[in-house]
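Notes follow once the structure below has been shown.
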Amino acid sequence: ENLFLSGLTAMEKKLAEYKCNTNEAIQLKLVRFPEDLEDENTTFNPEYSHQVFGDDEVAFGYKGLKILLYYIAGNLSTLFRVEYASKVNEKFDCVEADDVESKIREIIPPGFCTNTDDFVSLLEKEVNFKPFGMLLHTYSIHNEEAGEDITYQIYKADMTCPGFREYHERLQTFLMWFIETASFIDVDDERWNYFLVFEKYNKDGATLFATVGYMTVYNYYVYPDKTRPRVSQMLILPPFQGEGHGAQLLETVHRYYMSSPTVLDITAEDPSENYVKLRDFVLVKLCQDLLCFSPVKLMQGFSQEMVTEAQQKLKINKQHTRRVYEILRLRATNMGDAEQSRSYRLDVKRRLIGPYKKKQRELAKMRRCLRPEEMTNQLNQIDLNLQREQLEESFQQLVSDYRRVLERLAQA
């Protein structure tokens, strides 16, 4: 029996060596020059691969597995290869290696290269690639490394642009690796708008364009003759993150819809924490000069005037306007002054307590049916103390988030 067990552990050890973390195995690149292919600095890895490889994010059956997904920087023509040092063999090891290739093929569109030479020859044609759609905004950011200003452009595209459908299929594959709950959209639905960010760069004296990121927005119909655009997906590709492109993109999209009389306001679908921080910054930046947000009016509390002006002028919905008000009021409040700080705290907590109060009423209802009277009072007391703690915690967290927004604003 011991022999059997030791045989088993030896086998297990051997099999354990054939497990690879797919977030490390997948190597992504955005290629501008042939030398980028060999340069490790241009490689980046997914944050997530669970949607393709399961919750463990593991591929079994290979040693030294590399899944290469290289994209030409502009039109995203793709090179896909699987490489490994060794692979388990069904004959000898009685186990089968995961079919890594077909898992990747399910999410990347057909028509990719499988060898480097084909890919490099496509790279030479990249000079013909131009952004899709209509130019909305141009901006530049100083790049320390290059020691110069780099120019970026934001375009609005749609499925009628020649080649855009195929390009979008390649672009959306990145969602799988960087958005936790990503899903592909129905591109035949004409209510989708696409906003794309490109960088202009030089190669052999020509100007080329590289894909930086994008956003998809769905136009919901609102009776009788309005729409409510809802931000669905937004991704700035990792080599460009942290440079301020997200804020540029979101502000540009807001400005685009602001000019449309049929748009009510803009919302977002299931936003991530990072997106909320970004949106806070952009909306506060847009709102800070509105008359309804003057320091005097901020001190008088949240008003219908703020809701109306932010919606009519900037297409911002009520819930987001409330956050903007709280952030701007924090800026106008001297938190060292006991009276001002108390007034601010009460104002924010009154909003935060709404959901608690509702829950409280529901609990009380339930308990009336279930328990004797005196028990209910005790429980409510415990609840209230817990609630006070949670409320204070939520408040402190918000204020620190708000301060970060204000710091970023001061630097902008």
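Descriptive notes on the structure:
- Every residue from region 53-75 that is over 18 Å from THR114 (Cβ atoms) and either open to solvent by less than 20 Å² (accessible area, probe 1.4 Å) or in a strand (DSSP E or B) (or both): PHE53, VAL58, ALA59, PHE60, GLY61, LYS63, ALA73, GLY74
- When residues of region 179-192 are limited to those that are open to solvent by 20 Å² or more (accessible area, probe 1.4 Å) and not charged (D, E, K, R), the one nearest to the chain's Cα centre (by Cα): ILE179
- For region 240-265, a tally of residues being open to solvent by 30 Å² or more (accessible area, probe 1.4 Å), aliphatic (A, V, I, L, M) and in a helix (DSSP H, G or I) returns 1.
- Answer residue from region 153-176, given it is among the hydroxyl-bearing types (Ser, Thr, Tyr) and touching a Leu at 6+ places or on another chain (Cβ under 7 Å) and is least open to solvent (accessible area, probe 1.4 Å) among those: TYR167
Residue by residue, here is whether (1) surrounded by 12 or more Cβ atoms within 10 Å (Cβ to Cβ); (2) not assigned by the TED database to the domain that holds VAL231 holds:
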{"residue": "GLN288", "(1), (2)": "yes, no"}
{"residue": "LEU291", "(1), (2)": "no, no"}
{"residue": "GLN304", "(1), (2)": "no, no"}
{"residue": "VAL307", "(1), (2)": "yes, no"}
{"residue": "ILE316", "(1), (2)": "yes, no"}
{"residue": "THR321", "(1), (2)": "yes, no"}
{"residue": "TYR325", "(1), (2)": "yes, no"}
{"residue": "ALA338", "(1), (2)": "no, yes"}
{"residue": "ARG342", "(1), (2)": "no, yes"}
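- When GLU47, GLU35, GLU57, GLU12 are checked against the criterion of being in the same structural domain as ASP98 (by the TED database), out of contact with any strand residue (DSSP E or B) (no Cβ under 7 Å at 6 or more places or on another chain) and without any contact (Cβ under 8 Å) to a residue 40 or more places away in the chain, a single residue qualifies: GLU35.
- Checking region 85-101 against the condition returns no match, with no residue being surrounded by 16 or more Cβ atoms within 10 Å (Cβ to Cβ), touching a Cys at 6+ places or on another chain (Cβ under 8 Å) and of a type in the set (A, V, I, L, M).
- Exactly one residue out of THR114, THR78 is under 24 Å from ASN45 (Cβ atoms), open to solvent by 70 Å² or more (accessible area, probe 1.4 Å), β-branched (Val, Ile, Thr) and not assigned by the TED database to the domain that holds ARG255, and it is THR114.
- Of all residues in region 76-102 being in contact with a helix residue (DSSP H, G or I) (Cβ under 6 Å, 6 or more places away or on another chain) and assigned to a loop (DSSP other than H, G, I, E, B), the one that is farthest from PHE33 (Cα to Cα): GLU96
- Residue in region 137-152 that is crowded, with 20+ Cβ neighbours inside 10 Å and under 30 Å from VAL52 (Cα atoms) present: no
- Of all residues in region 150-191, those satisfying the criterion of being over 29 Å from ASP56 (Cα atoms) and not in a loop (DSSP other than H, G, I, E, B) are ILE150, THR151, TYR152, GLN153, ILE154, TYR155, LYS156, ALA157, PHE164, ARG165, GLU166, TYR167.
The values are calculated or read from the model by the stated rules, or taken from the named source; none is laboratory data. All figures in this text were calculated on a predicted structure; none of them were measured in a lab. Backbone-built Cβ (ideal geometry, glycine too); neighbour counts: all protein chains shown. Quick note on the areas: whole protein, heavy atoms, side chains included, nothing else; ligands and nucleic acids left out. Shrake-Rupley method; radii C 1.70, N 1.55, O 1.52, S 1.80 Å.
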